[in-house]
Structures are given as structure tokens and as C-alpha cells.
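To start, the structure under review is shown below, and the notes come after it.
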Amino acid sequence: MLVHQAHFETFRKVVAKTHLHVRDGNSYRIADVPYVALISQTAIPKSIINFLLSNPSLLQKVALYDMSPLYEGKRFCLRINETDSSVFRKFEDFLVKHGFGIKLLREIPSLTQ
């Protein structure tokens, strides 16, 4: 899920789903959605961060990536990722390999209060 603006209700509805309708040729099928990543170019609203942090079961399937510091010229992004998704780990490895740091969102008090 790549967004320019993350709206709380939309986020809440998307992460609550465990199945998604996916186009397969000319028809649709239902696919399992084991993990969801929210990758945002703008700062992720505190309401979304706090919602995720207050729902431990969601932390196992949802990752947040706040890329806004990169757009401010900084060499790091912010994240919450407690999933065991190898795809998300490869994304993080890619960022680090290309010289970008990753800071944990929950370690920045102003974002979680």
C-alpha cells in the first residue's frame, strides 16, 4: 500500500482484511493477505501509529514505513515492523545497502504521544 496521505479509517479497514479480491486474467479470485505495508511519502499520522501500537495482533501483520525524512534530505526513514515478512526485510536491506538508515518509530516520543 503506497499512499501520499494516510487516512485513519482507510488504513483501519485495509489492515482488518485478511482476504482481498485480486484480478487474475479476466476474472477475480480471493487471495490471502498475510502482511500489509504502509509506505508513506508524508509523515504518518499519530492516530495510525497509536492504533497499530495498541493492537499487538496487528503488529504481527502490518509494517509502517515513513519515508518523509528522505524527502527532507535526511538519510533515514522511520519504521514499525514486527512482522516476519521476508519481503519487508529485503526492502529494509535494500535501503541500508544504499546508504539509508532506518529508525524505529516507537523510539521517537513526539510521534507516539
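Where a number appears in this text, it was derived from the coordinates with a stated rule and is not lab data. Note that this is a predicted model, so its numbers are computed, not measured. So basically every Cβ, Gly included, is an ideal-geometry build from the backbone, and we count neighbours across all protein chains shown.
Of F94, F8, the sequence from fewest to most neighbouring Cβ atoms within 10 angstrom is F94, F8.
Computed from label points 7 Å out along Cα-Cβ, the spacing between K46 and D32 is 3.8 nm. Between F76 and T10, residue separation times 0.36 nm minus the direct Cα-Cα distance comes to 21.1 nm.
Each of I44, I102 was scored by other Cβ atoms within 10 Å of its Cβ. Listed from fewest to most, they are I102, I44.
Dipole magnitude for the chain: about 60 debye, using +1 per Lys or Arg Cβ and -1 per Asp or Glu Cβ, origin at the Cα centre.
Each of K61, K17, K74 was scored by other Cβ atoms within 10 Å of its Cβ. Arranged with the fewest first, they read K17, K74, K61. Anisotropy class assigned to the chain is prolate, per the alpha carbon gyration tensor with a/c at or over the 1.5 cut-off and a/b larger than b/c.
Helical runs (DSSP H, four residues minimum) scored at -39500 (n - 2.57) apiece and divided by the length of the chain put the mean residue ellipticity at 222 nm at -9000 deg cm²/dmol.
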